[in-house]
Structures are given as structure tokens and as C-alpha cells.
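A short worksheet on the structure shown next.
The values are calculated or read from the model by the stated rules, or taken from the named source; none is laboratory data. Just so it is clear, the structure is predicted and the values come from calculations on it, not from any experiment. Neighbour counts run over all protein chains shown; Cβ positions are idealised from the backbone, glycine included. Accessible surface is based on the protein model in full, side chains and every heavy atom, while ligands, DNA and RNA are left aside. Shrake-Rupley method; radii C 1.70, N 1.55, O 1.52, S 1.80 Å.
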Amino acid sequence: MTLTPGTLLLARPFLGDPNFERTVILICRHDDEEGTFGLVLNRLTELVLPDVLPFLDADVPGTAAPLPLAMGGPVQQNSLHYIHRLPDLPDAIALGENSGVFWGGDFDALTEEVQAGRLTPANARFFVGYSGWAAGQLAEEISRETWVVRKDAAAKVFTFDPESLWQGVLREMGGRYRLLANYPIDPSLN
């Protein structure tokens, strides 16, 4: 299977890894030789953007909204990443064709947008850390059916709230995936 930017990975409910249980990961970069970079979309933290960028004082009118931070993954949790709907942000990378979702871009231009109050959770998401796989590692996990793959689905990032993203995308996929969406967290309690 060819993975492309904009693909969503949905953890199967019986994954057993607490880092990725019921997560949805957006693939931002995939290279067969260098590996894969992605961001967990549905693990919100208690932090907001000014907590990690103090120059964005949320208490001063006209500056940053209290944009929430998500845990992008277990790798380099001291790094900041962002996806957005700003097609004109210099150096931003499109995630899929016609998705309207972009990864990264010029940080100074982005902070200007934040300080002007033009960014909301409806058009920008911020993450600390990321998820990464060595070359071939993710393909192996997919072949073992660790992940449900949803191609060209980057726009789903802004369709669902982070809390309902995993279940919502699986339900939309229908059939056996709809059944997975309703799988209990602990089947022994049924």
C-alpha cells in the first residue's frame, strides 16, 4: 500500500499500546527509505499555545486566542508542529490533493496570524511532539492490521472535534469499520 500525505491512520481498538489507543494520526510525510512522520490528532493536552510560546499573551486583546495543544506523539515532545487551512502561508506543505489542509510553513507569518486573532481551532491545530516510524516499520504494522487506513482524508481534521474524530471517521467508513467504532474500551466489562 502506498502511503501519501493526507492519509489518516486509525488505531484498531485492540491495539494495546497506550500511546496510540484509539488515536487518529495524520500522515504528513512518507518516504519508503526515510520513514514516516505523522501527528496524533485526538490527544488534547491541558495546555494552550501561549503556554509554550509565552510571547503570545492570551490575556492581551488582539493577540493569540487560547488555541489548544494536542500531543502529536511520543517523539520529541519539546517540538511544536501545526496544521492549518492557510494556503498562502509561505513554505506550507499541502496534505493531499484538494484537501485544503497544510502542514508547517513560515513560523513568523503564522505567529502574525495568531497574534491578529485570525486562527481558531476551525482553521489551525497545534501539536507538541510527533509520531514517527523508521523505513518499512509502518508498512509492517499496516500488514499486521494494526491500523485502519483512510486515504486522502486530511480534511476530516477540521470536520470532527478531536474527541469524536476516531469514532466519527470509522462510522463514516461504514460496514465493518462502523462495528469497530462501537467496540468497547474494555470488552471484559460487557
Among (1) under 18 Å from the mean Cα position of the chain (by Cα); (2) more than 19 Å from residue 5 (Cα to Cα); (3) touching a residue at least 12 places away in the same chain (Cβ under 8 Å), which single condition is residue 125 missing?
(2)
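For (1) polar (S, T, N, Q); (2) closer than 19 Å to residue 30 by Cα; (3) out of contact with any helix residue (DSSP H, G or I) (no Cβ under 9 Å at 6 or more places or on another chain), each residue gets a yes or a no:
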position: 90; (1), (2), (3): no, no, no
position: 105; (1), (2), (3): no, yes, yes
position: 109; (1), (2), (3): no, no, yes
position: 115; (1), (2), (3): yes, no, yes
position: 123; (1), (2), (3): yes, no, no
position: 151; (1), (2), (3): no, yes, yes
position: 159; (1), (2), (3): yes, no, no
Would a scan of the stretch 6-15 turn up a residue that is under 20 Å from residue 151 (Cβ atoms), outside any strand (DSSP E or B), touching a strand residue (DSSP E or B) at 6+ places or on another chain (Cβ under 6 Å) and modelled with pLDDT of 95 or more?
yes
In the stretch 23-52, anything touching a helix residue (DSSP H, G or I) at 6+ places or on another chain (Cβ under 8 Å) and crowded, with 18+ Cβ neighbours inside 10 Å is listed as 23, 24, 26, 30, 36, 41, 42, 43, 49
For residue 82, work out the one condition from (1) more than 30 Å from residue 14 (Cβ to Cβ); (2) part of a loop (DSSP other than H, G, I, E, B); (3) hydroxyl-bearing (Ser, Thr, Tyr) it doesn't fulfil.
(2)
Could you tell me how many of the residues in the stretch 72-92 are closer than 16 Å to residue 124 by Cβ and surrounded by fewer than 14 Cβ atoms within 10 Å (Cβ to Cβ)?
4
Going by the structure shown, is residue 4 open to solvent by 40 Å² or more (accessible area, probe 1.4 Å) and under 20 Å from residue 102 (Cβ atoms)?
yes
Please go through the stretch 140-166 and give me each residue that is in contact (Cβ under 8 Å) with a residue 24 or more places away in the chain and surrounded by 17 or more Cβ atoms within 10 Å (Cβ to Cβ), ordered by number.
146, 147, 148, 150, 153, 154, 156, 157, 158, 162, 165, 166
Where residues in the stretch 121-133 are open to solvent by less than 60 Å² (accessible area, probe 1.4 Å) and among the small types (Gly, Ala, Ser), which of them is nearest to residue 86 (Cα to Cα)?
124
Looking at the stretch 49-68, is at least one residue modelled with pLDDT of 90 or more, more than 16 Å from residue 130 (Cα to Cα) and among the charged types (D, E, K, R)?
no
